[in-house]
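Participant: Sending over a structure as structure tokens; questions will come in a sec.
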Amino acid sequence: MIALRGVTKTVQSGSSPLTILHPLTLDVPQGQSLAIIGPSGSGKSTLLGLIAGLDSPTAGNILLDGVDITALDEDALARLRGEKIGFVFQFFHLVPSLTAIENIQIPMEIAGRADAATRAQALLDEVGLHDRGHHYPSQLSGGEQQRVAIARALANDPPLILADEPTGNLDSTNGRHILDLLLQVKEARRVTLVMVTHDPSIAAIADARLVLRDGRQVSEDVAPGAVLAR
Ligand code: ADP
Ligand code: MG
């Protein structure tokens, strides 16, 4: 599903180039989960942004479902993102002036889906918020807001879910519930899931782990339960 071939990222920092991702080669098979772990500033979000086609690598190739996204123009990338990728963020990124169901439904309407209303309700049901659709984000707990964000990410049935510290803004109990939901969604929909996390217990549950430090792969896997530096 995801194949990275010698992917690097170098940015200009003042007058000198700064390499924030050193050559990385990686495969994530369809239906598998990968946890990207490592201390703050190690390049986790940069890597997720590259996989999402939100940013382009300095060198190397990124293939999603066999398509080399480094060869696509902006329009084609935007289309691919809409079809293939669902995003979940640490701070939920819901629109505060829209209700839970509107946050899910309106992007589908904009995309021209005729069944947006019924689909939005089905997605709310799927994430366990059947009767909370008319609540605004400010009336929902962090965990509930993240459920809405997950429902929104699933709107187009994407084969790939990318989550950047999805439990990073939640207490451990709610974080655990969100993790369970993501894993349940992954199993039920047979999607590929890539999660950035600081939490070793989350990392331990993924099918594979990529540990980054200073933009370099430190280890392809770590023992379940290993304590990771924050
Ligand atoms: P993480 O998500 O692991 O905390 P990031 O991928 O956000 O790390 O960032 C990795 C490093 O690259 C950090 O040191 C960050 O400051 C730096 N960085 C990220 N994007 C840019 C950029 N556009 N220009 C300069 N430095 C950047
Ligand atoms: Mg980050």
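The values are calculated or read from the model by the stated rules, or taken from the named source; none is laboratory data. All values reported here derive from a predicted model rather than from experimental measurement. We place every Cβ from the backbone using ideal geometry, glycine too, and count neighbours over all the protein chains shown. All accessible areas refer to the heavy atoms of the entire protein, side chains included, with ligands and DNA or RNA removed. Shrake-Rupley method; radii C 1.70, N 1.55, O 1.52, S 1.80 Å.
Participant: Can you tell me which of (1) modelled with pLDDT under 95; (2) open to solvent by 50 Å² or more (accessible area, probe 1.4 Å) is the one Gly82 doesn't meet?
Facilitator: (2)
Participant: Which residues, taken from the range 13-50, are more than 13 Å from ligand 2 (Cβ to nearest atom) and touching a residue at least 40 places away in the same chain (Cβ under 8 Å)?
Facilitator: Across the range 13-50, the qualifying residues are Thr19, His22, Leu24, Leu26, Val28, Pro29, Gln30, Gly31, Gln32, Ser33, Leu34, Ala35.
Participant: Could you list all residues from the range 191-209 that are within 18 Å of Thr46 (Cβ to Cβ) and within 14 Å of ligand 2 (Cβ to nearest atom)?
Facilitator: Within the range 191-209, Val194, Met195, Val196, Thr197, His198 meet the criteria.
Participant: Let me ask something else about it. Answer yes or no as to whether Ile2 is within 16 Å of ligand 2 (Cβ to nearest atom) and not basic (Lys, Arg).
Facilitator: In short, no.
Participant: How many residues does the range 36-92 contain that are in a strand (DSSP E or B) and closer than 16 Å to Ile2 by Cβ?
Facilitator: 11
Participant: Another question, if that's okay. Quick check, is Leu98 aliphatic (A, V, I, L, M), closer than 30 Å to Arg132 by Cα and part of a loop (DSSP other than H, G, I, E, B)?
Facilitator: Answer is yes for this residue.
Participant: To continue, here is another question. Report the residue count in the range 116-155 for those that are outside any helix (DSSP H, G or I) and surrounded by 17 or more Cβ atoms within 10 Å (Cβ to Cβ).
Facilitator: Here the count works out to 7.
Participant: Something else now. Considering only residues of the range 162-177 that are away from ligand 2 (no atom under 16 Å from the Cβ) and charged (D, E, K, R), which is most open to solvent (accessible area, probe 1.4 Å)?
Facilitator: Of everything passing the filter in the range 162-177, Arg176 is most open to solvent (accessible area, probe 1.4 Å).
Participant: Now for a separate question. Can you name the residue in the range 13-35 that is closer than 24 Å to Thr197 by Cβ and assigned to a loop (DSSP other than H, G, I, E, B) and, of all such residues, is least open to solvent (accessible area, probe 1.4 Å)?
Facilitator: Gly31
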